[in-house]
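Below is one structure; the comments refer to it alone.
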Amino acid sequence: MNKPIVYLSIDFGTSNSCAYSSHNGRICNVTSSSSKSHIPSSIFYRNENEAVIGDAAEILHGNQTKAFVRKVKRIIGLDCSQECVKKEMEDSTVPIEQFDNYPRYVLTVNGNTFFRTPVEIASELFKYILKKVDSENAYDIHACITVPATFFVSQTEAVKKAAVLAGLKNVHIVAEPVAAVVGYSLMASSEQDLYLVYDLGGGTFDATIVKRVKQVYSVMAKSGDPYMGGCDIDSIVYSLLLDYLRGVLDSDQYDRYFAKLSSRPGYRLKLLDTAREAKESLSSLEEVTVPIEMRKQTIYCMITRSELNKRVSPLITKSIQIIKEMMKKISVSEEMLTTVIMVGGPTQYPYFAECLQKEFGDIIRRDINVETVVAQGALAIEENWDKMELGRMVPKKGLPPSRRVKRHIENVETIESEIHFHDCLSYSIGIRAFDDSCYVLFHKSEQYNAERVIKLSITQKCQKFLLIEFCQGESNVFSQNTPIGSIRYDLKDVRQNMEPQFELKIRISQQGTLMCVLNDLKLKQTKELQLNTHITQHETSLTILDEEGEEHLDELINRLIAIRKQLVDSKEYGDIANNIQTLIKERQQTHNTTELIHRCEQVINQYKMMVSLSSVLIGQRGLRWNQLLILFPEMKHMVSVDVIGQRMSGVIKNEEEVIEVKENENEVELMIVN
């Protein structure tokens, strides 16, 4: 018997998460507290097998900081080479160690030490929400989880893996700004808009331009900073508190309590909580008095909104600069925007709206719940997902689910029956090619559902598997981009030739994830390969075959072979002969077309310079006619010759020179005549 379907949306946040469920037209806000619309993204381990989530975790952890985790979203799906991971490893109140190039938390409860990865910790949050919705496993849960637009594929895959680990079988991933626009548009009455979504969460900032024509939505551009958010504002308030304490305490007192907070993680975490509460109070007050407890006294620190505005101003300026650069690239001006949607808890701080209003005018919308609109939009998307094809969403028969979400937000009467949505990439996606170069598959801002097909071959004799490594970024050097994973195909037979042996089809899905299908041309079999987001040390390179490039490379190699034959007995050109020999060997070992073509052309140009036709000494070099044709194949179209027996004579004409050609028994004489 089929279980009843319940739709679930989760706005997975750095500091807080928001969730909604829908069943038989009834929409519920899933929370851990009756007074809040969100769940703190906090996890406290009572022991190795029991985790407490949300408000209960905030209350119960006390000073047990080595079993309490926050901000796991900031490092999920990233390896330890990333700067944000390094920073989190330094700042975290819970020890984070590097294990197999990835971060993992070292948790301690009552002297017992155990380890958890970011994926495992995030799964505890999702498991908690799932239990709230379906404690008896009586429903078929269809979930939609939102992530920042600036997330890499590896991060998106890690979030999906955490959801599956929590027991969510049907999971879709959507970018937060996309869900925000859907959530907001359920209230909008206009038929044509150009939205700017300003999404500042607890740990990330996204800026997205979305064009709407009736019910057709197109993401025109994405940008942002994956390491800037409300946590940074908490740190600013934390610094203001320390500055105040430094001013009222003598140096000995300050050093005793605050100079080495890194060695007192419990007290440091308490100060950070105090700073966050002060920040939230300054959203509605001009100044706050913050009590800081010391052993024998309490210091009352005064912080004003104007002080915080000065410290926050560079962060806002940076976000606006990101927006302007993004708009410039797609030729969108401020006057063309119709609506600016502010999303995320930190945007409730008034100074954000004030600064954005100075830049964009009175199109800032403040009539939405910035903490819930993303989750509400994600719920509407999930309810329609089974009807979605290539970005198309068609509500089911009867009362459209999106109307129910809309009615939950605001009492309205009508809604269009169809939604079309198209998303795009935030970063280019490429694979590792020869010599750490990056072969770009999908370019930045390219629409989802794009597909590429490339031909591959092995690069080493007796190679046992084919490893294809993926990255995201805009550099043409693979190692300068962010690695996002790899796929591996084990070879069951020994292959030594360099002919095209595989055809790889890569598709970027509607969720922004990679789907790979490899066709083994030799065995005539096709296999779907899963992206392994666990990055290991580079084991072997792959070969990308470009048919036109291959033909050109073969032509160059043949020319080099012919040149080498002419230089066998030549001491003058020994270095060039050695270079040619090296290139010929490399051609047998790799198919890196671009790299080898470049190096072959360099050697040929080097040789051309040594026997340049513009040299007045060229007539003394005794170059053979067939050697000239190898070096300068264009001569075939420039030479007018008279054939006398087996000898040739004539004139070579190019743009600058007329050269007389005379062939003797063993050589061709050249002489510039003008």
For the condition of a type outside the set (Phe, Trp, Tyr) and either within 23 Å of SER235 (Cβ to Cβ) or touching a helix residue (DSSP H, G or I) at 6+ places or on another chain (Cβ under 7 Å) (or both), what is the one hit in ALA56, ALA51? ALA51
Please list, ordered by first then second residue, the pairs with beta carbon atoms under 6 Å, 6 or more apart or interchain, first in the range 164-176 and among the small types (Gly, Ala, Ser), second open to solvent by less than 10 Å² (accessible area, probe 1.4 Å). ALA166/SER123; ALA166/PHE126; ALA175/ALA149
Restricting attention to the range 295-311, does a residue exist that is open to solvent by 80 Å² or more (accessible area, probe 1.4 Å), free of Cβ contacts under 8 Å to residues at least 40 places away in the same chain, touching a Phe, Trp or Tyr at 6+ places or on another chain (Cβ under 9 Å) and over 26 Å from LEU60 (Cα atoms)? no
Evaluate the range 124-143: report whether one residue or more is farther than 28 Å from ASN384 by Cβ and open to solvent by 20 Å² or more (accessible area, probe 1.4 Å). yes
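Are there helices (runs of 4 or more DSSP H) fully within the range 52-156 with at least 1 residues that are hydroxyl-bearing (Ser, Thr, Tyr), closer than 28 Å to ILE5 by Cβ and more than 19 Å from the chain's Cα centre (by Cα)? List them. First the steps, then the outcome.
Working: elements: 55-60, 83-91, 118-133.
Result: 118-133.
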Looking at (1) in a helix (DSSP H, G or I); (2) of a type outside the set (A, V, I, L, M); (3) modelled with pLDDT of 75 or more, which is the one condition that is false for LYS505? (1)
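Evaluate the range 229-240: report whether one residue or more is closer than 19 Å to ARG295 by Cα and over 31 Å from the mean Cα position of the chain (by Cα).
Of the range 229-240, the ones closer than 19 Å to ARG295 by Cα are none.
Looking through the range 229-240, none of the residues is closer than 19 Å to ARG295 by Cα and over 31 Å from the mean Cα position of the chain (by Cα).
If you scan the range 150-188, which residues turn out to be of a type in the set (Asp, Glu) and under 19 Å from VAL119 (Cβ atoms)?
Taking the range 150-188 as the starting set, the residues that turn out to be of a type in the set (Asp, Glu) are 157, 176.
Of everything in the range 150-188, just one residue is of a type in the set (Asp, Glu) and under 19 Å from VAL119 (Cβ atoms), namely GLU157.
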Hey, does the range 332-342 have a residue that's in contact with a helix residue (DSSP H, G or I) (Cβ under 7 Å, 6 or more places away or on another chain), at pLDDT 90 or above, open to solvent by less than 30 Å² (accessible area, probe 1.4 Å) and assigned to a helix (DSSP H, G or I)? no
Please verify whether ASN2 is within 26 Å of TYR267 (Cβ to Cβ) and more than 22 Å from the chain's Cα centre (by Cα), treating the condition exactly as stated. no
Can you tell me which of SER42, SER37 is under 22 Å from THR204 (Cα atoms), crowded, with 16+ Cβ neighbours inside 10 Å, touching a Gly at 6+ places or on another chain (Cβ under 9 Å) and polar (S, T, N, Q)? SER42
Using beta carbons and a limit of 6 Å, which pairs, at least six apart or on different chains, have the first residue in the range 277-293 and under 12 Å from LEU241 (Cβ atoms) and the second one of a type in the set (Phe, Trp, Tyr) and not in a helix (DSSP H, G or I)? THR289/TYR300; PRO291/TYR300
Filtering the range 66-107 down to residues that are exposed (fewer than 14 other Cβ atoms within 10 Å of the Cβ) and among the acidic types (Asp, Glu) yields GLU83, GLU90, GLU97, ASP100
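Answer yes or no: is there a residue in the range 168-176 that is closer than 28 Å to ARG46 by Cα, more than 26 Å from the chain's Cα centre (by Cα) and not charged (D, E, K, R).
Within the range 168-176, the subset closer than 28 Å to ARG46 by Cα is 168-169.
Cutting the leftovers down to more than 26 Å from the chain's Cα centre (by Cα) gives us none.
No.
With the structure loaded, tell me whether ALA180 is in contact with a His (Cβ under 8 Å, 6 or more places away or on another chain) and in contact (Cβ under 8 Å) with a residue 40 or more places away in the chain or whether it fails that test.
Values: in contact with a His (Cβ under 8 Å, 6 or more places away or on another chain): no; in contact (Cβ under 8 Å) with a residue 40 or more places away in the chain: yes.
Criteria not met by ALA180.
Select from the range 563-583 the residues that are surrounded by 15 or more Cβ atoms within 10 Å (Cβ to Cβ) and more than 26 Å from ALA433 (Cα to Cα) and write down the one among them that is modelled with the highest pLDDT. Even if it seems obvious, please write down each step before you answer.
Initially, the range 563-583 is screened for residues surrounded by 15 or more Cβ atoms within 10 Å (Cβ to Cβ), giving 563-564, 566-567, 573, 576-577, 579-580, 583.
Retained after the next criterion (residues that are more than 26 Å from ALA433 (Cα to Cα)): 563-564, 566-567, 573, 576-577.
Details: ILE563: 76, ARG564: 73, GLN566: 67, LEU567: 66, TYR573: 58, ILE576: 71, ALA577: 72.
In this case the residue turns out to be ILE563.
Select the strands (runs of 3 or more DSSP E) contained entirely in the range 184-255, then report the ones holding at least 3 residues which are open to solvent by less than 30 Å² (accessible area, probe 1.4 Å) and touching a Leu at 6+ places or on another chain (Cβ under 7 Å).
The strands (runs of 3 or more DSSP E) meeting that bar are 192-200.
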Taking the range 268-291 on its own, how many of its residues are open to solvent by 30 Å² or more (accessible area, probe 1.4 Å), in a helix (DSSP H, G or I) and among the small types (Gly, Ala, Ser)? 1
When both residues are 6+ apart or on different chains and their Cβ atoms are under 9 Å apart, which pairs have a first residue that lies in the range 240-252 and is among the aromatic types (Phe, Trp, Tyr), and a second that is exposed (fewer than 13 other Cβ atoms within 10 Å of the Cβ) and outside any helix (DSSP H, G or I)? TYR244/MET302
What single numbered condition from (1) open to solvent by 10 Å² or more (accessible area, probe 1.4 Å); (2) in a helix (DSSP H, G or I); (3) in contact with a strand residue (DSSP E or B) (Cβ under 7 Å, 6 or more places away or on another chain) fails to hold for LYS161? (3)
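Within the group VAL248, VAL219, which residue is touching a His at 6+ places or on another chain (Cβ under 9 Å), modelled with pLDDT of 85 or more, over 19 Å from PHE352 (Cβ atoms) and hydrophobic (A, V, I, L, M, F, W, C)?
Working: VAL248 fails: touching a His at 6+ places or on another chain (Cβ under 9 Å).
Just one listed residue meets the conditions, VAL219.
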Taking the stated definitions as given, is GLN376 of a type in the set (S, T, N, Q) and crowded, with 19+ Cβ neighbours inside 10 Å? yes
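The values are calculated or read from the model by the stated rules, or taken from the named source; none is laboratory data. Everything quoted here is computed from the prediction, not taken from an experiment. As a convention, Cβ positions derive from the backbone with ideal geometry for all residues, glycine included, and neighbour counts pool all protein chains shown. Remember, those area values only see protein heavy atoms, side chains included, never the ligands or the DNA or RNA. Shrake-Rupley method; radii C 1.70, N 1.55, O 1.52, S 1.80 Å.
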